[in-house]
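Every number here is computed from the coordinates shown, using simple stated rules; none is lab data. Computed from a predicted structure; not experimentally measured. FYI the Cβ positions are ideal-geometry reconstructions off the backbone, even for glycines, and counts take in every protein chain you see.
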Amino acid sequence: MNAKVWLVGAGPGDPELLTLKAVRALGQAQVVMIDDLVNPAILAHCPQARVIAVGKRGGCRSTPQAFIQRLMLRHARQGRCVVRLKGGDPCIFGRAGEEALWLRGHGIEVEVVNGITAGLAGATQCDIPLTLRGVSRGVTLLTAHTQDDSELNWQALAQGGTTLVLYMGVARLEQIRRGLLQGGMAPGTPVAMIENASLPQQRECRSHLAALEEDALAFGLRSPAILVIGEVVGAVQAGIERFRALAG
Ligand code: SAH
């Protein structure tokens, strides 16, 4: 087998949401480098591999990105098949783009394997269709956390008519609420905050834009969590109630 680096999405947490391709890559790996949002149960697919934890949650003890990249390069150059296992999808706030570019620039073969991103899984687990005919014509995935702390274009987001799915937002609820309200979003816009999506300890807090921080505080919202903002939140429940009223 050729030396290669696979950048693999481990999905949001539920091991059954792994792709067959991810399982195949794990089965071939000699080295698996695992991020800290990956459910360790997934390692059952690579008992033969050497596992290296390279987690780097914001604010915690972390392995620098440059070190992780050099480590992948070293193992690949020694002829090993390396899997870099990342939470969710490797291309959604997962740095797969820059890692693939860097590794290919060093002559290493790279293959990226999709995973189910936390935003999609979280919404689905909570019965929220991110697009819905007549309600939402699209979905915008975004992070509240930027390297340079630059502001998002809140007005465009508030008025764009798409469902918003925010990653890494737990520490920035005030900024999100203020930005969207100033951008023109209705204060009553429904919000779902979904913690540990797809895991047994998943929790969900329903709120609305104007009450974001106080509801999150009362709920004790903690990372990892995603926020889903838009009229699709609660739309299924409202539809069922309407149907029952009509039927009854
Ligand atoms: N590549 C990942 C995202 C990494 S950024 C993906 O596609 O899902 C890390 C952020 O993802 C967290 O701060 C949180 O907002 C979100 N996240 C990851 N796993 C999650 C989970 N199981 N439940 C809720 N949010 C999650």
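Using the average count of surrounding beta-carbon atoms within 10 Å as a protection proxy, the listed peptides 155-163, 120-128, 239-247 rank, highest first, as 120-128, 155-163, 239-247. Just so you know, the Cα atoms of segment 118-238 work out to an Rg and Dmax of 13.1, 40 Å.
When the Cα convex hull of segment 109-169 is projected onto planes of every orientation, the mean area is 6.2 nm². Here, segment 185-248 is characterised by an Rg to Rh ratio of 1.06, where Rg is the alpha-carbon radius of gyration and Rh the Kirkwood radius. Panel note: the C-alpha atoms of the chain, placed on their principal axes, show extents of 64, 44, 32 Å (largest first). In segment 64-152, what is the volume of the convex hull around the alpha carbon atoms, normalised per residue and reported in Å³? Given the Cα convex hull of segment 64-152, per-residue volume reads 136 Å³. Report P(r) for segment 1-98: all Cα-Cα distances, bin width 10 Å, range 0 to the bin holding the largest distance, values in whole percent. In whole percents, the pair-distance histogram is 17, 54, 28, 2.
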